[in-house]
């Protein structure tokens with residue numbers, strides 16, 4: 001017993017010391033790398049939460065170096081540890097939609113009419129995130145909007161290479177549209193949407209569905225700080241929020257390369273714009289331009305930075321990131337004008353803010369009805385922090401309430 005006590009004491013001591021060392025590293029890294037704009041309301045709360053994420057990512061990298069597991073596998077495990085509750089007015093079913101796992105959120109109270117359906121694609125750069133880690137978000141949307149929510153558990157990269165993720169979301173969406181009535185949903189009242197990478201998937205799928213005469217038309221799409229272009233990473237929001245938690249510009253491009261299964265050293269040329277051919281610069285430049293942004297978003301130190309000279313060898317390795325199957329901003333006008341009513345959600349302190357604003361303008365220019373909610377105190381990933389006690393951010397709750405109101409009003 002004494003030996004066991006000594007072993008446990010040593011193990012506990014090592015754990016505490018290791019955590020303190022990681023915490024010291026996280027605090028130092030955060031203060032060295034992170035810049036939080038003075039206009040943000042809760043800087044210390046955000047920093048403290050960011051320290052925990054740095055510890056998680058650093059521990060994952062250490063495990064990867066030691067050959068225990070890959071960093072992203074550890075991150076997935078940690079983010080799925082929380083057991084998130086479902087609102088008592090709802091119940092869930094885990095189903096299979098043509099080979100794609102989904103979680104269905106339905107109301108216990110019967111409805112006299114068929115409900116609206118909301119197909120939700122979670123964020124996580126296509127590398128992380130899950131049905132479980134988004135349960136609180138989907139539960140809240142279902143409860144507040146009165147809709148039936150389908151959360152899609154698409155397969156993740158790099159185990160399943162791009163474009164598996166978007167294809168899985170497309171498969172699940174089509175299945176739901178074809179079988180909506182079986183779940184008490186009106187087929188003409190189906191919305192798709194998601195946050196971050198999930199928002200990107202929603203834009204791509206909505207564009208694909210414009211050519212499907214065998215399916216009912218989508219009623220709407222909800223785009224929560226979605227990335228829609230991989231041409232210019234020096235737009236105002238990329239410069240202003242380049243080291244703002246929880247999505248640094250370097251992290252976006254680094255994990256973006258991992259998502260596409262590319263050498264991460266290419267990220268430096270991508271940030272500069274060397275991967276964009278001159279022909280594409282001429283064709284798409286009119287859509288990817290700070291000139292299309294309201295003046296209010298071009299302050300806070302923005303300066304115009306032109307794309308670096310084109311390098312054909314870089315484009316050859318990365319051509320798919322400029323295809324409409326990822327850079328959905330570049331779709332033809334004949335496709336854009338057929339898109340459904342859209343809610344665009346942007347956050348002031350998010351590097352992807354301007355992607356969403358540029359997509360909003362393209363939709364409006366082509367006659368698509370657009371609602372817009374801009375979270376003045378929002379940051380990338382804010383909806384993931386809606387029930388963390390002290391670390392809850394009211395802006396995330398407000399965003400979900402705005403989404404629910406939008407769905408109810410359709």
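The table that follows gives values for the structure above.
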quantity: Residues (in contact with a strand residue (DSSP E or B) (Cβ under 9 Å, 6 or more places away or on another chain), more than 20 Å from residue 403 (Cα to Cα) and assigned to a helix (DSSP H, G or I)) located in the stretch 176-203; calculated: 176, 177, 178, 180, 181, 183
quantity: Residue 214 outside any strand (DSSP E or B) and buried (at least 24 other Cβ atoms within 10 Å of the Cβ); calculated: no
quantity: Evaluation of residue 156 against (1) crowded, with 21+ Cβ neighbours inside 10 Å; (2) in a helix (DSSP H, G or I); (3) out of contact with any strand residue (DSSP E or B) (no Cβ under 9 Å at 6 or more places or on another chain) (one fails), failing number; calculated: (2)
quantity: Test: residue 347 is under 25 Å from residue 245 (Cβ atoms) and over 20 Å from the mean Cα position of the chain (by Cα); calculated: no
quantity: Residue check for residue 368: modelled with pLDDT of 95 or more, in a loop (DSSP other than H, G, I, E, B), surrounded by fewer than 20 Cβ atoms within 10 Å (Cβ to Cβ) and touching a strand residue (DSSP E or B) at 6+ places or on another chain (Cβ under 8 Å); calculated: yes
quantity: Scan of the stretch 217-238 for residues that are under 16 Å from residue 172 (Cβ atoms) and assigned to a loop (DSSP other than H, G, I, E, B), ordered by number; calculated: 218
quantity: Wholly enclosed helices (runs of 4 or more DSSP H) of the stretch 244-344 bearing at least 1 residues buried (at least 17 other Cβ atoms within 10 Å of the Cβ) and assigned by TED's automatic domain parsing to the domain that holds residue 163; calculated: 333-336
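Quick grid of which residues meet (1) farther than 26 Å from residue 353 by Cβ; (2) touching a residue at least 24 places away in the same chain (Cβ under 8 Å); (3) not assigned by TED's automatic domain parsing to the domain that holds residue 349:
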residue: 156; (1), (2), (3): no, yes, no
residue: 164; (1), (2), (3): yes, no, no
residue: 185; (1), (2), (3): yes, yes, no
residue: 193; (1), (2), (3): no, yes, no
residue: 199; (1), (2), (3): no, yes, no
residue: 235; (1), (2), (3): no, yes, yes
residue: 238; (1), (2), (3): no, yes, yes
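The values are calculated or read from the model by the stated rules, or taken from the named source; none is laboratory data. All values reported here derive from a predicted model rather than from experimental measurement. Note that each Cβ is placed from the backbone with ideal geometry, even for glycine, and that neighbours are counted across all protein chains shown.
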